[in-house]
Structures are given as C-alpha cells and as structure tokens.
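Okay, so here's the structure we're looking at.
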Amino acid sequence: MTSTKKSNGLPQHIAIIMDGNGRWARARMLPRYVGHREGVKAVKTIVKACRNKGIRALTLFAFSSENWRRPRDEVGLLMDLFIRTLKKEVEALHQNGIRVRFIGDRYAFPKDLREQITQAEDKTRANTAMDLIIAANYGGQWDITEALRVIARRVASGEIKPEDITPDMINCEIALADLPAPDLFIRTGGEQRVSNFLLWQLAYTELYFTDVLWPAFNEHALDEALESFANRQRRFGRTGDQAEQLKGA
Ligand code: IPE
Ligand code: IPE
Ligand code: MG
C-alpha cells in the first residue's frame, strides 16, 4: 500500500544550536566578537519570525556548559553581550507577548547577568504569545543529572522505591517539562552533532542541519528548515502506514 504523505504543518517547538559566529567573522577578516554581535541580530530576526508564524516555543542554545573552555577574553565578551542584549531587548520581547525563560546553571554567571535573567523572567512571566527559552550554561548531561538528583532524594527519603522510577517521572523533572518536546532541531554552521544540547528532550525530534552560518540565518533559511520538517514522516516507532492512519484519524 502506498501512503500519500501529509504535511506535518508547523512545529510547535523549535530548538536551535546557533553555531558559526566565529567562522562568519573569520571569513570577513573580523574578530570573532563581531560574529557574536551579528549573531544577536539573527536571534532577533528568528524570534520575530517564529512569533509571527505562531510557533509556540523556541529554545536557543546560547552558551554551553563546555563553552567556558574558550579563551577568557571571548567568554568575557560573550557575557557582556548577553547582559547588554537582555537589557536592551527585554522590553520589546515583553511588548510582543513573549515569555522569556532560561535553562542551565545560572549560578556560574556574573551577578549582573543573573539579575538581568531574573528580571527578564519576572517581567515576561504572564505572556502567552510564545515561549522563548535561552539555554545558557546548559548541558544535556547536566540537565539529566539534576533531574536524577531530585529523584534520588525522593528515593533516599523513602518516598519512592528505585523501581518506581519511570521515564515519565524523569520527564517531569527535566528542563522544559511543561512544554511539548521539540519537534524540530536546527543546527547552523555545518557541524552535524548535538554538542550536549537537549539530550533527553530530543528523543524523537526531527533533526535539520544547514551549512548556513548563524549570523546569515534569516527567515528564508528558517522557511527552508520548516519545509524540510513539513515533508518528514514522523513515525515514533510505528510503521509508515500506521503513522499516516494516525494522522488522518
Ligand atoms: C556559536 O558560534 C556561538 C557560541 C558558541 C557562543 P561559534 O562561536 O561556536 O562559532 P564557530 O563555530 O567558531 O564558527
Ligand atoms: C554549541 O556550539 C553551543 C552553542 C551554540 C552555544 P559549539 O561551537 O560550542 O559546539 P562544538 O564545540 O563545535 O561542538
Ligand atoms: Mg561553534
């Protein structure tokens, strides 16, 4: 039986590894920092585009738990850029009904950045147009470890037994538990790896890799990713025919 593929429509939740800022700058004989600064412009474009398209949640990888390994200068410049960008953009995000949230270990950040993060989250908490999640000092392994710690405490206190632990229980403790799992993952910059981004949450996410460097990623590039997504058949372990039947149901 041949099944006609039906469109997936829009993803509810998109997760992006914004990679390639350094190479974008190097190609123009500019310092890496300029690439990061241009990367912020791409963030603004993509946030706006996703909101206008009606995407429910957008998760952006801004700084990984491994990015501390970069030269001190670059880390310092990135922190400054985060602080300045947040300060400058939070009002516009708020006006556009966007709820901002951070995932990752924020306690490693300088105090003024932590304050900006809290302020942005508090100010936008009641917004409903789109969730914007910034993964900063985030690592998928860290996330799973944190979830396991919470569960281990419950075991230690006698509240639950080890055999009571289920994937659903982990789902409840992991970052973004309140959101649908990402439907579409995008990585710009040409590398085809997950680099310790959302590990648990990407279990059934459609993966999309593009050579476009992040500062050059625009609405057209996003539309290409969305088109690729729309033409995928998501089977979740079932056969293709079953998947089509479920969709038609
Ligand atoms: C991504 O761009 C931004 C961060 C990791 C903060 P890169 O800085 O990794 O750019 P490339 O990969 O060196 O080109
Ligand atoms: C992943 O990019 C992290 C972010 C985009 C924030 P990296 O450039 O750090 O990834 P690797 O080191 O090439 O895997
Ligand atoms: Mg990189």
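Read-outs: derived from the displayed coordinates by stated rules, not from any lab. Remember, predicted model here, so these are calculated numbers, not experimental data. Please note: Cβ atoms are built from the backbone with ideal geometry, for glycine as well, and neighbour counts cover all protein chains shown.
Structure notes:
- Matching residues in the range 59-90 - criterion: being more than 16 Å from ligand 3 (Cβ to nearest atom), in contact (Cβ under 8 Å) with a residue 24 or more places away in the chain and more than 16 Å from residue 214 (Cβ to Cβ): 79, 83, 86, 87, 89, 90
- Enumeration of residues in the range 189-216 that are away from ligand 1 (no atom under 16 Å from the Cβ), in a loop (DSSP other than H, G, I, E, B), buried (at least 16 other Cβ atoms within 10 Å of the Cβ) and of a type in the set (Ser, Thr, Tyr): 205
- Hey, residue 43 surrounded by 13 or more Cβ atoms within 10 Å (Cβ to Cβ) and in a helix (DSSP H, G or I) or not: yes
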